[in-house]
Structure formats: C-alpha cells, structure tokens
Amino acid sequence: MTEILSAIQKSAIRIKKAIDVKDIGYSQEQNSSGETQLQLDIQCDLIIEEELSHVFSVHTLASEEKEDALLVNKEGKYLIGFDPLDGSSLVDVNLSVGSIFGIYSGSFSGKNLIASCYVVYGPRVELVFAYEGKVKLYLLQSGEFEYVKELRLEEKGKINAPGGTQQNWEPYHKTMVDGLFQEGYRLRYSGGMVPDLHQILLKGGGLFSYPCTSDKPEGKLRQVFEVFPFAFIFELAGGGAIDGKENLLLQTPKHVHDTSPCFFGSNYEIERVKSTYASV
Ligand code: P6P
C-alpha cells in the first residue's frame with residue numbers, strides 16, 4: 001500500500017503543475033457520463049495511469065474518464081477506481097478541485113474497499129488517506145507530503161452542503177434540508193465534491209447530500225470513483241454514509257460508471273436523513 005500512496009502523491013504533484021498551466025480548453029471528447037472533457041481531465045487521467053501502472057501490486061485501473069477498466073498487471077492485488085480531476089470545470093473560476101481514489105481487493109464493490117484517498121488542490125495541496133482504521137491528513141510542503149494529523153468527525157456538525165438542482169428535489173428532501181438551516185446550519189457548497197466534503201471533515205462535521213432528483217433519479221455521483229471512497233473515509237472518521245436508507249458500502253455496481261444517491265455526514269445528521277427517508 002505504501003507504493004500506491006507514493007504513486008498517488010507523485011501524481012498529485014504533477015497534477016498541481018498541470019492545473020497551474022494556462023487553461024488549455026475543452027477537448028472534442030465526452031466521458032462515460034456524457035460530460036465534455038477538458039484537455040486537463042485527459043492530461044490528469046494520463047498522469048495517474050502512468051504513475052499507478054508502474055506499481056506491481058496494481059491489477060486493474062478504472063477511470064471516470066474512460067469507458068472500460070484497464071488491466072495493468074494480472075499478478076497485481078488491487079483494483080483502483082479513480083476520478084482524476086473531480087469538478088474540473090471549477091478550475092476556470094479558480095475554485096478548489098480534487099482527485100479521488102478507491103483501492104479495492106477482488107472487485108469494485110463497496111464492501112471490497114481496502115483504502116481510499118483524495119487530494120484537494122486549493123490554496124494548499126492536501127491529501128487524505130484512509131487505511132487500517134485511520135483517516136490521515138497530509139500537507140504538500142516543499143515538494144513533500146508531510147503528515148499533519150488524524151481526522152475525526154464530531155457527533156453533530158454545523159455545515160449543510162445540499163447538492164443537486166433544488167427545483168428537482170423531492171418535497172421531503174427539501175423539508176429536511178430547510179429544517180437543518182432553521183436549526184442554524186451554515187450553507188457551504190461550492191459544487192466541488194472534494195473541497196465540500198474536505199471542509200465538513202476538517203470543520204468537525206455536518207451533512208453533504210446529493211439525493212435522487214427528478215432529473216437524476218439514480219443520483220449523479222459515481223459509486224466506484226466518488227461515492228464509495230468518501231463513504232469509506234466518513235465511516236472511518238466516525239460518521240456515516242448512506243443512500244438515504246442503506247449503508248453505501250453495501251452496494252455493488254452493475255457497471256463501473258453506475259451512480260447512487262448519497263449522504264455523507266456526522267451521526268446526528270445521518271440519523272436525520274434516515275428518519276426522513278424511512279417512510280418514502
Ligand atoms: P451539481 C462536479 O461536477 C461533481 O461531479 C461533484 O464534484 C459535485 O459534488 C457535483 O458534481 C455538483 O453537482 O449538480 O450540484 O452542480
């Protein structure tokens with residue numbers, strides 16, 4: 001696992017440099033979710049593929065930016081699902097973006113996650129690695145990632161990050177979100193999953209939600225590349241991660257690009273979601 005973490009760290013340093021280059025515009029291509037790819041998306045995907053395919057323990061790579069998974073070493077032990085540059089369209093407006101990695105054993109099922117990691121490219125570059133019961137924060141300083149501290153969620157937080165187009169929310173979901181605001185929760189939502197969830201983790205807790213909506217009945221966020229890795233992190237940090245009713249890590253995607261409604265947060269907020277969704 002050390003070699004995988006090291007390869008992710010090398011990727012992050014190269015991706016940071018790529019982000020700092022003047023905008024290189026959109027490609028003519030679309031990814032498997034029908035999103036037009038930035039040249040930067042493709043470049044970051046290649047960087048990660050290059051770095052991870054040299055690690056002997058990696059068996060298969062699956063990228064959000066590619067239709068099919070790639071076998072890199074049949075003797076390898078781990079399958080890695082990754083989103084090379086989540087929220088990449090936010091680079092144009094100078095907001096934080098991130099890379100997300102799920103490290104699986106055997107298959108891309110939630111229960112087979114062994115470790116997960118994300119990198120947030122903001123005013124600083126920080127990396128969070130969840131493995132063997134601990135969620136560890138690292139900060140990039142003078143070209144090296146230095147360990148900072150372990151991350152833990154409080155039982156109850158103060159942040160509410162409601163995703164999705166509000167006019168397409170179910171009425172019961174809107175009532176739940178508004179109820180949290182009436183209790184004094186603060187709106188913190190940038191449209192970037194990585195910085196939005198990083199803020200909740202570092203500020204002690206709250207709720208991030210991307211529910212089923214009338215325009216996205218299966219949710220928007222991808223299980224293998226985004227949802228499972230963050231579910232693993234939030235659970236290890238003492239919080240919860242559900243699809244409204246069930247633990248997200250109990251899910252097994254039919255296709256590597258499948259999505260799921262998702263809620264990540266401290267226990268108090270996750271219980272609130274469960275009670276809201278219990279009767280729907
Ligand atoms: P919406 C970015 O495109 C992304 O995949 C996640 O990073 C983010 O949480 C979500 O979509 C934002 O979606 O519909 O709220 O703009």
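A compact table of results
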read-out	value
Matching residues, region 119-158, being in a strand (DSSP E or B) and of a type in the set (A, V, I, L, M)	VAL119, VAL120, VAL125, LEU127, VAL128, ALA130, VAL135, LEU137, LEU139, LEU140, VAL148
When residues of region 175-199 are limited to those that are among the charged types (D, E, K, R) and open to solvent by 10 Å² or more (accessible area, probe 1.4 Å), the one farthest from LEU249 (Cα to Cα)	GLU183
Tabulated pairs, region 175-192, first in contact (Cβ under 8 Å) with a residue 24 or more places away in the chain, second among the aliphatic types (A, V, I, L, M) and assigned to a loop (DSSP other than H, G, I, E, B), C-beta under 7 angstrom, 6+ apart or interchain	SER190/LEU95; GLY192/LEU95
Yes/no for GLY76 being closer than 29 Å to HIS173 by Cβ and open to solvent by less than 20 Å² (accessible area, probe 1.4 Å)	no
Matching helices (runs of 4 or more DSSP H) fully within region 189-280 where at least 1 residues are among the small types (Gly, Ala, Ser) and under 16 Å from ARG152 (Cα atoms)	228-236
Enumeration of residues in region 35-64 that are within 25 Å of ASP20 (Cβ to Cβ), open to solvent by 20 Å² or more (accessible area, probe 1.4 Å) and modelled with pLDDT of 95 or more	LEU46, GLU49, GLU50, GLU51, SER53, HIS54
Positions within region 200-218 being within 13 Å of the ligand (Cβ to nearest atom) and crowded, with 20+ Cβ neighbours inside 10 Å, in sequence order	ILE200, PHE208, SER209, TYR210, PRO211, CYS212, THR213
Selected residue [of a type in the set (A, V, I, L, M) and in contact (Cβ under 8 Å) with a residue 40 or more places away in the chain] from LEU139, LEU71, LEU151	LEU151
Unique residue being under 13 Å from PHE208 (Cα atoms) and more than 14 Å from the ligand (Cβ to nearest atom) when the list is TYR189, TYR172, TYR185, TYR131	TYR185
In region 192-202, the residues that are over 14 Å from GLY87 (Cα atoms) and in contact with a strand residue (DSSP E or B) (Cβ under 6 Å, 6 or more places away or on another chain)	ILE200
Of the criteria (1) touching a helix residue (DSSP H, G or I) at 6+ places or on another chain (Cβ under 7 Å); (2) surrounded by fewer than 16 Cβ atoms within 10 Å (Cβ to Cβ); (3) of a type in the set (Lys, Arg), which one LYS274 fails	(1)
Count - residues of region 80-106 that are more than 14 Å from the ligand (Cβ to nearest atom) and open to solvent by 20 Å² or more (accessible area, probe 1.4 Å)	3
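The values are calculated or read from the model by the stated rules, or taken from the named source; none is laboratory data. Please read all numbers here as calculations on a predicted model, not as lab measurements. Every residue, glycine as well, gets a Cβ built from its backbone with ideal geometry; the counts of neighbours run over all protein chains shown. Ligands, DNA and RNA are stripped out before the accessible areas are found, and what is left, the full protein with its side chains, is counted by its heavy atoms. Shrake-Rupley method; radii C 1.70, N 1.55, O 1.52, S 1.80 Å.
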